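To start, the structure itself, in structure tokens.
The values are calculated or read from the model by the stated rules, or taken from the named source; none is laboratory data. Nothing here was measured: the structure is a model prediction, and the numbers come from that model. Every residue, glycine among them, receives a Cβ derived from its backbone with ideal geometry; neighbour counts consider all protein chains shown.
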Amino acid sequence: MIKASIYELFFPTRCAGCGVSSGRFLCPECNSVFPLINGPACLRCGKPTIYEVEDCLECRDRIRYLDRTAALAVYEEPMRAAIHKLKYGNGWRLARPLGAMAGVRLAPLLQSSKPVVTFVPMNKRKRRARGYDHAEKLAENIAMSLGLSSARLLLRIRATKAQAGLSHKARRQNVRGAFELVGEPLSGQDIILVDDILTTGYTLSECAGVLKKGGAGEVIACVLARDLISGGPALPSAGQNHPLRGQ
Ligand SMILES: [Zn+2]
Ligand SMILES: [Zn+2]
């Protein structure tokens, strides 16, 4: 305890959002505006919706292999700053509080008792340069918070361009065939697939496809942030049951 407070004196905990020395993971100001997704969301892609839907116009036909997505927050400040800190300059310590929070969001979506937690891996060169893989750190901490086991199940077998700035078609092609399964076939094992952000979902869906071809059962994505590329809440399709319809 004393050791911890001396450490805090010399290396004060800085707020993951604004960087002030607050002694907490988030200062009260950043905590009060943290863009958590607490309400209903699209079950497939995690986008906030007016009421819960199985899929939405943004993810239908695009995210083919993910069964569910748990997204902790919308990709806005201060979550945006927290993810940046997690990824760069030895910010892996943030994986613990962020992973615990994501675990809380994920828990209600879990249907099987013992899914294995894995992650979307970086390529080897990038990992060496950065010293750690932030998605791996997140996966370990999410697993720990829920009493599950974590494992590396995927390998990035070729470098890909950053998805940001690419067209939808280019994003899909960019990640196609970029991952392979590591180790034994999965024989029906349910999987939690962790990454920092879901934007179009092409990368996560590609990884989920590899896991399913390798024998995985249900694949649930767990991400820190859902980037709302087209803005506004997702609307359910005409074919979907509206809770007020038929009353
Ligand atoms: Zn702050
Ligand atoms: Zn959706």
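Residue count for region 64-73 under the criterion of being modelled with pLDDT of 95 or more and either over 16 Å from Ala102 (Cβ atoms) or surrounded by fewer than 19 Cβ atoms within 10 Å (Cβ to Cβ) (or both): the result is 2.
Check region 44-63 and report whether any residue there is in contact with a helix residue (DSSP H, G or I) (Cβ under 7 Å, 6 or more places away or on another chain), at pLDDT 95 or above and either on the phi > 0 side of the Ramachandran plot or within 16 Å of ligand 1 (Cβ to nearest atom) (or both). Scanning region 44-63, I find no residue that is in contact with a helix residue (DSSP H, G or I) (Cβ under 7 Å, 6 or more places away or on another chain), at pLDDT 95 or above and either on the phi > 0 side of the Ramachandran plot or within 16 Å of ligand 1 (Cβ to nearest atom) (or both), so the answer is no. Tell me, yes or no, whether region 147-157 has at least one residue that is polar (S, T, N, Q), crowded, with 19+ Cβ neighbours inside 10 Å and touching a residue at least 24 places away in the same chain (Cβ under 8 Å). Within region 147-157 (the criterion being polar (S, T, N, Q), crowded, with 19+ Cβ neighbours inside 10 Å and touching a residue at least 24 places away in the same chain (Cβ under 8 Å)), the answer is yes, since at least one residue qualifies. Any residue in region 26-47 that's under 15 Å from Ala81 (Cβ atoms): show its pairings with residues that are away from ligand 1 (no atom under 16 Å from the Cβ) and not in a loop (DSSP other than H, G, I, E, B) at Cβ separation under 6 Å, as long as the two are six or more apart or on different chains. Filtered contacts from region 26-47: Pro35/Val74. Would you confirm whether or not region 225-242 contains a residue that is within 16 Å of ligand 2 (Cβ to nearest atom), modelled with pLDDT under 95 and part of a strand (DSSP E or B)? Yes, region 225-242 contains a residue that is within 16 Å of ligand 2 (Cβ to nearest atom), modelled with pLDDT under 95 and part of a strand (DSSP E or B). So which of Thr160, Thr200 is closer than 26 Å to Arg105 by Cα, at pLDDT below 95, surrounded by 15 or more Cβ atoms within 10 Å (Cβ to Cβ) and not acidic (Asp, Glu)? Matching residue, one of Thr160, Thr200: Thr200. Taking into account only those residues within region 12-43 that are of a type in the set (Gly, Ala, Ser), assigned to a loop (DSSP other than H, G, I, E, B) and at negative phi, which is nearest to ligand 2 (Cβ to nearest atom)? Ranking the qualifying residues of region 12-43, first place goes to Gly39.
Taking Leu66 as the residue in question, decide whether it is of a type in the set (A, V, I, L, M), more than 23 Å from Leu138 (Cβ to Cβ) and not in a helix (DSSP H, G or I). Taking the combined requirement at face value, the residue does not satisfy it. For region 16-43, residues that are within 16 Å of ligand 1 (Cβ to nearest atom) and in contact with a strand residue (DSSP E or B) (Cβ under 8 Å, 6 or more places away or on another chain) total 6. Of Gly183, Gly209, all but one fail to be surrounded by fewer than 19 Cβ atoms within 10 Å (Cβ to Cβ), of a type outside the set (Val, Ile, Thr) and at pLDDT 95 or above; the exception is Gly209. Selection of region 109-132 for residues being under 20 Å from Ile220 (Cα atoms) and surrounded by 15 or more Cβ atoms within 10 Å (Cβ to Cβ) yields Leu109, Leu110, Pro115, Val116, Val117, Thr118, Phe119, Val120, Pro121, Met122.
Checked against (1) away from ligand 1 (no atom under 16 Å from the Cβ); (2) under 24 Å from Met144 (Cβ atoms); (3) of a type in the set (D, E, K, R), Lys85 passes all but condition (1). If you go through region 170-191 and keep only what is under 24 Å from Leu72 (Cβ atoms) and touching a helix residue (DSSP H, G or I) at 6+ places or on another chain (Cβ under 7 Å), you end up with Arg171, Val175, Phe179, Ile191.
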